[in-house]
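Some notes on the structure that comes next.
The values are calculated or read from the model by the stated rules, or taken from the named source; none is laboratory data. These numbers were taken from a predicted model, which means no experiment stands behind them. Cβ sites come from the backbone with ideal geometry, for glycine too, and all protein chains shown count toward neighbours. Heads up: the accessible areas ignore ligands, DNA and RNA and are worked out on the full protein's heavy atoms, side chains in. Shrake-Rupley method; radii C 1.70, N 1.55, O 1.52, S 1.80 Å.
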Amino acid sequence: MQAVSMETSKRKALQCSVAALCVESGYLSADRGAIETLTQILQGYIIEIGRTAKVYCEMAQRLEPTVSDVNLALIDVGSKYNSLDSYSKRFPRRHLPRQLRNYPSPQPKNLQVGSKTPRPPHVPSYLPPLPDSHTYIRTPTFVGPQTDYRTIKEKLSIQRYHSSKSLSKLLAQTRPSKPIAGEVDTEGIYTVILPGRTNEPVYIKALIPSTEDEVDPPLNTVHSTSHLIDQSDLIESNQTSQQSNDEGDHDDNETEPMYTNPFMKPPTRPIQ
Amino acid sequence: IIFKMAVSQELQARNKTPVEGDISKQDSGSQGETPELSLVDFCTQLDDYTPTIPDAVTLHYLQQSGFNTDDPRLVRLISLAAQKFISDIVNDSLQHCKLRGSAQNTRKGTKDKKLTLTLEDLAPALAEYGINLRKPLYFT
């Protein structure tokens, strides 16, 4: 009989079985030497039964052992096989709990990003797959400037509309204004920006051309913004805008740009 | 630990069993079933019985000795027989332990609850089965 190794997992399972049998009999603890002895005995016993049964089977010119071969083998080693039946029905029966196996967690596959280019037909299949397309193709990720005339025009008009709207809102909130009672939920949205008191009529400045219109408008006047403002809004004339300028500026000079009040800065224009 | 497993001594000790087996084989009509049949019946009962020794372990050791089978019932039969053998030994050593314990604790009246399987109890139990246990006195 060839030598059997001492510390394999099977042997440890046998040791566990022996310990379970001892516990079943009523022992609470055991010597390590005693357990080792019983394990060795058990191992030898199983091997002996197996060998004897195999010998009987081969003697009967068969390949696979049957119950009768095992029967004869059990007789040979001297076990009382008659009492096996009653032994099996003994109480309490114990069996080792099945050990939970730690299946290796499935390795996360490498993230497939690019598309799989199919192999050309002349390339054999055992070669590794072709690399992802993103590894050798460079695509710019930014969107280039739109040079379409129509889109530019649309963007410009939208920006102009937004700026005028926000400016009129700002004026409504920073100037004395009177709200027009609208519907219940929209109350306070529609306001009339009250014009300041002027001697001359409000519209006179617009009718009389002035030298100021030809020159580049000064930076810090709301005067320049009034060109953008829609006719549907009730906005006052330039005189009131001058008054607001006086209110807003710390300097009384219109022409000098003063950026103390960031709200009074002229709007920045988009692409012209 | 050095021990000898004397299988031949076992055979001599249990020489009766093969004779019994032959006799009962011949009387098929007797009250007791033939042991071969009973084992066959027993095998069919083994489908739902799990012996203490796992099937894989027993199968491994059987294959190591050349016993190759696909039927799990045979494997369980053998593991059951082996397990019964060991439990008989353990029970005998338990008797020895209790005898020793009762000899010491007769004053108290209660038996020692904590029983430990020691080699001192195991040696005489194994000797009845023909296995002689010899322990070295010192460890070199």
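Filter region B:45-71 down to the residues that are modelled with pLDDT of 85 or more, of a type outside the set (A, V, I, L, M) and in a helix (DSSP H, G or I) and list them by number.
Within region B:45-71, B:Asp55, B:Thr58, B:His60, B:Tyr61, B:Gln63, B:Gln64 meet the criteria.
Just one of (1) open to solvent by 70 Å² or more (accessible area, probe 1.4 Å); (2) modelled with pLDDT under 85; (3) within 9 Å of chain B (Cβ to nearest Cβ) trips up A:Leu63, so point out which.
The number of the failed condition is (2).
Residues are listed down the side, and each one gets a yes or a no for (1) within 14 Å of another protein chain (Cβ to nearest Cβ); (2) modelled with pLDDT of 70 or more:
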| position | (1), (2) |
| --- | --- |
| A:Asp69 | yes, yes |
| A:Ile75 | yes, yes |
| A:Ser79 | yes, yes |
| A:Phe91 | yes, no |
| A:Asn102 | no, no |
| A:Ser105 | no, no |
| A:His134 | no, yes |
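Filter region A:129-153 down to the residues that are surrounded by 10 or more Cβ atoms within 10 Å (Cβ to Cβ) and either within 24 Å of the chain's Cα centre (by Cα) or not in a loop (DSSP other than H, G, I, E, B) (or both) and list them by number.
Within region A:129-153, A:Asp132, A:Ser133, A:His134, A:Thr135, A:Thr151, A:Ile152, A:Lys153 qualify.
So, in region B:96-113, how many residues would count as being modelled with pLDDT of 75 or more and charged (D, E, K, R)?
Result for region B:96-113: 2.
May I ask you to list the residues in region B:56-70 that are surrounded by 15 or more Cβ atoms within 10 Å (Cβ to Cβ) and either more than 7 Å from chain A (Cβ to nearest Cβ) or farther than 17 Å from A:Ser68 by Cβ (or both)?
Once the filter is applied, which keeps residues that are surrounded by 15 or more Cβ atoms within 10 Å (Cβ to Cβ) and either more than 7 Å from chain A (Cβ to nearest Cβ) or farther than 17 Å from A:Ser68 by Cβ (or both), region B:56-70 yields B:Val57, B:Thr58, B:Leu59, B:His60, B:Tyr61, B:Gln64, B:Ser65, B:Gly66.
Within region A:24-34, work out how many residues are surrounded by fewer than 20 Cβ atoms within 10 Å (Cβ to Cβ), touching a helix residue (DSSP H, G or I) at 6+ places or on another chain (Cβ under 7 Å) and of a type in the set (A, V, I, L, M).
0
Could you check how many residues of region B:122-134 are modelled with pLDDT under 85 and open to solvent by less than 20 Å² (accessible area, probe 1.4 Å)?
Qualifying residue count for the region: 2.
Here is a list of conditions, (1) surrounded by fewer than 23 Cβ atoms within 10 Å (Cβ to Cβ); (2) assigned to a helix (DSSP H, G or I); (3) within 7 Å of another protein chain (Cβ to nearest Cβ), and B:Ile78 meets all of them except one; can you say which number that is?
Looking at each condition in turn, B:Ile78 falls short on (1).
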